[in-house]
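J.: Sending over a structure as structure tokens; questions will come in a sec.
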Amino acid sequence: MSAAGALKRVFDWKVRGVRWVEIIGVALVAAMIFSVYLAKAAAASESARIASLERQITQNGQRVRLLRAEVARLEQPGRLEALSRMAGLAPVDVRRQATVARLPELAPIPDPEPVVIVAPTIPSVPIEADPAEVAQ
């Protein structure tokens, strides 16, 4: 038997009137359709995830813009000046600025060493009588 004859016999083999090559072909097409469906479903879920992340990025960008505007408002010199005046603060007078030679005079005074005070001890008194008897 030649190879061409064996190959023809394999392709002509039938199961209940249908060639097995056609059965395998239909099974492969069904598997491909199923795999395309799975890939499409995975792509749809990834697309939804990407859309969610893009929404979060947009919201975070809006929050950043709002926070930057709040910082700009809080750092306004006029507002800070009004707050400092309400707190009783004022700019340092030029005459009160120290020179390098005066820095040792302005050094902070070290905290004094703590003084340890020893409490007097009370001598112990032996109890000779019952307190109930003393009260009578």
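The values are calculated or read from the model by the stated rules, or taken from the named source; none is laboratory data. Given the structure is predicted, the values throughout are model-derived calculations rather than measurements. Positions of Cβ are backbone-derived with ideal geometry, glycine not excepted, and every protein chain shown enters the neighbour counts. Remember, those area values only see protein heavy atoms, side chains included, never the ligands or the DNA or RNA. Shrake-Rupley method; radii C 1.70, N 1.55, O 1.52, S 1.80 Å.
J.: Go ahead and run the numbers for FRET between Val18 and Ala48, Cβ-Cβ distance against an R0 of 41 Å, rounding to 0.05. Working shown, then result.
T.: Values: r = 42 Å, r/R0 = 1.02.
After rounding to 0.05, the efficiency reads 0.45.
J.: I need the shape label for the stretch 13-128. Rule: rounded when a/c is under 1.5, else prolate if a/b > b/c, else oblate, with a, b, c from the alpha carbon gyration tensor. Intermediate results must be reported in sequence, preceding the final value.
T.: Numbers: a/c = 5.26, a/b = 2.18, b/c = 2.42.
Because a/c hits 1.5 or more and a/b fails to exceed b/c, the stretch 13-128 counts as oblate.
J.: Multiply the residue separation of Ile117 and Lys8 by 0.36 nm, subtract the distance between their alpha-carbon atoms, and state the gained length in nm to one decimal. Can you show the working numbers first?
T.: Values: separation 109, 0.36 × 109 = 39.24 nm, distance 11.52 nm.
That pair, Ile117 and Lys8, stretches by 27.7 nm at full extension.
J.: Using the 2.2 N^0.38 Å rule of thumb for compact globular proteins, work out how the stretch 57-109 stacks up: its C-alpha Rg over that value, please. Present the calculation step by step, with values, prior to reporting the outcome.
T.: Working: Rg = 19.7 Å, N = 53, 2.2 N^0.38 = 9.9 Å.
It is 1.98.
J.: Using a 1.4 angstrom probe, figure out how much accessible area the stretch 50-129 has per residue, in square angstrom, rounded to the nearest whole.
T.: Working: 8140 Å² over 80 residues.
With all protein chains present, the stretch 50-129 gives 102 Å² per residue.
J.: Just the number, please: carbon plus sulfur as a percent of the accessible area of the stretch 1-83, 1.4 Å probe, no ligands or DNA/RNA counted.
T.: 67
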